[in-house]
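Peer 1: One structure follows; several queries about it will come next.
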Amino acid sequence: MQLRKRLKAILVVSVMLLATLIVPVLAAGEDVAAVSRFYNTAWAFLPPVIAIVLALITKEAYSSLFIGIVVGAVLHCEFAPVATLDAVINDGLITAIADNAGIFLFLVILGTIVALVNAAGGSAAFGRWAEKNIKTRVGAMLATFVLGVLIFIDDYFNCLTVGSVMRPVTDGHKISRAKLAYLIDATAAPVCMIAPVSSWAAAVSGVAADLDTGVSGIQLFVQAIPFNFYSLLTFVFIIGMALMQLDYGPIKKHEELALQTGELGALETESTDDGNPKGKVMDLVLPVVVLIAFCVVGMIYVGGFFGVDAWGGTDCAGDFIGAFGNTDAFISLPWGALIALVLTIAYVVGRRLMTFKEAMACVPKGFIAMVPPITILTLAVSLKTMTGYLGAAEFVEAAMKGASQSLYSLLPAVIFVVACLLAFASGTSWGTFGILIPIVTAIFPTGSALLTVGISACLAGAVCGDHCSPISDTTIMASAGAQCDHVTHVSTQLPYAITVAAVSFVSFIVAGFVPNVFIALPIAVALMIGTLFLIKARTPKA
């Protein structure tokens with residue numbers, strides 16, 4: 001039966017691949033219109049839909065994403081073969097690598113630091129400490145959640161740091177990597193979306209800065225926090241799920257397997273070496289603290305906190321929040337991580353936990369560990385590019401303006417759903433609220449309570465779609481942080497994310513008619529807790 005399913009999946013992939021490669025060759029002519037006839041139509045969403053469906057069917061991300069890229073290029077170039085090939089390679093893959101070189105460097109440096117800490121015995125020592133002090137699975141899950149909340153500066157940094165620190169803890173309590181990946185992913189973006197000092201707050205403020213909202217961009221962001229139901233209810237869901245020891249859907253099977261057999265679902269490339277037996281907890285904690293400190297310094301430095309001469313950009317001297325708004329995470333994170341790497345090497349060699357040559361051997365190990373997320377991120381960004389070329393943003397904008405005429409009080413709920421779908425298909429929450437925030441501010445009166453609710457719905461939907469999407473940067477980083485197979489992470493977390501999204505949708509309907517946070521938020525929390533109890537009552541015991 002399993003062989004038959006695999007053969008069927010391979011056949012599906014083969015047919016799709018042949019279709020995308022043969023059709024352009026058969027097409028006549030090489031003239032490519034400046035704007036494709038598929039531009040600004042529902043066809044713009046075909047490439048990500050194909051990639052996502054294939055990934056879920058075949059459980060294999062690389063070919064699924066590539067096929068989506070080819071389909072997008074075919075539509076963009078209107079079946080012209082050479083132009084299609086050029087779009088895939090130059091506009092897609094090469095551009096993705098060039099634009100994301102900074103985050104690739106950060107991934108490799110972080111992978112190297114993790115390899116150093118493992119070889120020095122810091123991870124194993126932390127695992128032994130956690131085994132004595134964190135005595136339950138509930139405690140391990142809540143500790144992972146709390147650490148994720150504390151690292152609210154940036155979602156990339158959150159995913160990779162929390163994963164590196166908490167893997168020994170969750171492994172010791174036989175928590176599956178699928179569950180760990182969900183905990184990381186469900187904390188990273190939501191906490192950044194409700195933290196006024198974060199790269200996400202800066203991005204939202206930047207989008208809203210030039211709009212007629214009656215307040216500054218950061219004030220609008222802060223006002224929207226209490227109505228950001230998806231982010232807030234995700235935290236309620238995680239805490240409730242941990243305390244109630246509730247699992248359902250695909251993650252339940254992974255958790256049962258982990259408890260019964262010890263099979264956690266870790267990637268085969270992950271090292272199982274405990275490293276130097278002389279390692280101490282400080283050998284993990286100190287590098288992580290140094291990494292966090294210098295990444296934060298790097299972000300405000302690049303943002304101009306220390307003066308305009310520091311980077312040559314906007315002068316944000318002494319303005320901490322302004323520096324975050326002006327920073328570039330793709331530059332600042334490698335900036336801080338490189339300093340942390342040098343100091344970590346000096347530390348482990350100085351502690352005589354390894355020789356300098358052994359420390360240098362961790363560099364290729366770190367690179368190898370990060371090859372899967374780098375590859376998936378390259379393909380995912382290329383797919384986003386093709387979706388953008390087909391005018392997905394313009395199509396959604398037109399649809400939203402059309403809906404605003406007849407669904408006024410229901411608009412927050414509609415905005416939430418549209419943002420979810422757009423972020424899921426495009427894999428970017430920043431791009432989603434960049435598209436929708438100007439539309440929302442044009443629909444609702446300046447200074448009205450519904451404007452705040454509408455902005456919140458836009459941000460909440462962007463986080464939700466980003467959380468669910470297999471081509472989202474944050475989802476990819478969560479898989480990398482947990483060292484979990486990416487498709488497994490995506491398919492297992494969907495039921496949990498959809499549960500919170502459904503409650504959030506109902507909550508936005510309530511807020512649309514009663515835009516009072518002291519009424520709408522308690523109702524939302526009560527609905528979430530009630531849903532958890534209902535699910536627990538209907539979930540059969542193992």
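Peer 1: Estimate the FRET efficiency between Ala101 and Val289 by the formula 1/(1 + (r/R0)^6), using the beta-carbon distance for r and 30 Å for R0, to the nearest 0.05. Before the final figure, lay out the partial values.
Peer 2: Values: r = 27 Å, r/R0 = 0.90.
Computed FRET efficiency for Ala101 and Val289: 0.65.
Peer 1: When the convex hull of the C-alpha atoms of the stretch 444-522 is computed, what volume per residue in Å³ does it have?
Peer 2: 104
Peer 1: Using the Karplus curve 6.51 cos²θ - 1.76 cosθ + 1.60 with θ = phi - 60°, what ³J(HN,Hα) values do you get for each residue of the stretch 167-181, in whole Hz, with x for Gly and Pro?
Peer 2: 4, x, 5, 5, 4, x, 9, 6, 8, 5, 5, 5, 5, 4, 4
Peer 1: What whole-number value in Å² describes the accessible area per residue of the stretch 60-210 for a 1.4 Å probe?
Peer 2: I get 29 Å² per residue for the stretch 60-210.
Peer 1: Let me ask you something else. Would you kindly find the accessible area of Trp43, with a 1.4 Å probe and non-protein molecules such as ligands, DNA and RNA excluded, rounding to the nearest 10 Å²?
Peer 2: Counting only protein heavy atoms, Trp43 exposes about 130 Å² to solvent.
Peer 1: So how much slack lies between Asn133 and Ala502, counting 0.36 nm per residue of separation and subtracting their Cα-Cα distance, in nm? Please report the intermediate quantities before stating the final value.
Peer 2: Details: separation 369, 0.36 × 369 = 132.84 nm, distance 3.67 nm.
Here the answer is 129.2 nm.
Peer 1: Please report the relative contact order for the stretch 39-105, taking Cα pairs under 8 Å with a sequence separation of at least 6, and give it as a percent rounded to a whole number. Don't skip to the end; give the middle numbers.
Peer 2: Details: 42 pairs, mean separation 15.6, N = 67.
Taking the mean separation of contacting Cα pairs over the length of the stretch 39-105, I get 23 percent.
Peer 1: Output ³J(HN,Hα) for the stretch 464-479: one whole-Hz value per residue in order, computed from phi by the Karplus curve 6.51 cos²θ - 1.76 cosθ + 1.60 with θ = phi - 60°, and x for Gly and Pro.
Peer 2: My calculation for the stretch 464-479 gives 4, x, 4, 5, 7, 6, x, 9, 7, 4, 5, 4, 5, 5, 5, 4 Hz in order.
Peer 1: I need the phi-derived Karplus couplings for the stretch 289-303: 6.51 cos²θ - 1.76 cosθ + 1.60, θ = phi - 60°, integer Hz, Gly and Pro marked x.
Peer 2: 5, 4, 4, 4, 4, 6, 5, 5, 4, x, 5, 6, 5, 5, x
Peer 1: Could you work out the local net charge near Gly72, counting Lys and Arg as +1, Asp and Glu as -1, over the other residues with Cβ closer than 15 Å to its Cβ?
Peer 2: Working: positive: Arg37, Lys384; negative: Glu78, Asp86, Asp91.
Computed value for this residue: -1.
Peer 1: Are any of the pairs Lys135/Lys252; Lys174/Lys536; Lys252/Lys357 more than 32 Å apart by Cα-Cα distance, and if so, which? List each step's numbers first, then the result.
Peer 2: Numbers: Lys135/Lys252 21 Å; Lys174/Lys536 21 Å; Lys252/Lys357 44 Å.
With Cα atoms farther than 32 Å apart: Lys252/Lys357.
Peer 1: Sort Ile439, Ile239, Ile50 from largest to smallest accessible area, using a 1.4 Å probe on the heavy atoms of the protein chains.
Peer 2: Ile239, Ile50, Ile439
Peer 1: Additional query: With a 1.4 Å probe and every protein chain left in place, work out the accessible area per residue of the stretch 478-522 in Å², rounded to a whole number.
Peer 2: 32
Peer 1: Can you pull the accessible area of Val342 for me, 1.4 Å probe, Å² to the nearest 10?
Peer 2: Here the residue's solvent-accessible area equals roughly 90 Å².
Peer 1: Can you put Leu183, Leu534, Leu267 in order of accessible area, largest first, using a 1.4 Å probe?
Peer 2: Leu534, Leu267, Leu183
Peer 1: Turning to a different aspect of this structure: Each label point is 7 Å from the Cα along the Cα-to-Cβ direction; what then is the distance between the points at Leu338 and Leu257, in nm?
Peer 2: Each label point is offset 7 Å from its Cα along the Cβ direction, giving 4.1 nm.
Peer 1: Quick check: residue separation of Leu85 and Glu60 times 0.36 nm, minus the Cα distance between them. What number comes out in nm? It would help to have the intermediate numbers written out before the result.
Peer 2: Numbers: separation 25, 0.36 × 25 = 9.00 nm, distance 2.29 nm.
Computed gain between Leu85 and Glu60 is 6.7 nm.
Peer 1: Using protein chains only and a probe of 1.4 angstrom, how many square angstrom of His173 are accessible, to the nearest 10?
Peer 2: The value for His173 is about 30 Å².
Peer 1: Pop the C-beta distance of Asp328 and Leu534 into the FRET formula with R0 = 45 Å and round what comes out to the nearest 0.05.
Peer 2: E between Asp328 and Leu534, to the nearest 0.05, is 0.50.
The values are calculated or read from the model by the stated rules, or taken from the named source; none is laboratory data. The shown structure was predicted, so the numbers you read here are calculated from the model rather than taken from an experiment. Neighbour counts are summed over all protein chains in view; Cβ atoms, including those assigned to glycine, are modelled from backbone coordinates with ideal geometry. Just the protein is used for accessible areas: all its heavy atoms, side chains included, with ligands, DNA and RNA removed. Shrake-Rupley method; radii C 1.70, N 1.55, O 1.52, S 1.80 Å.
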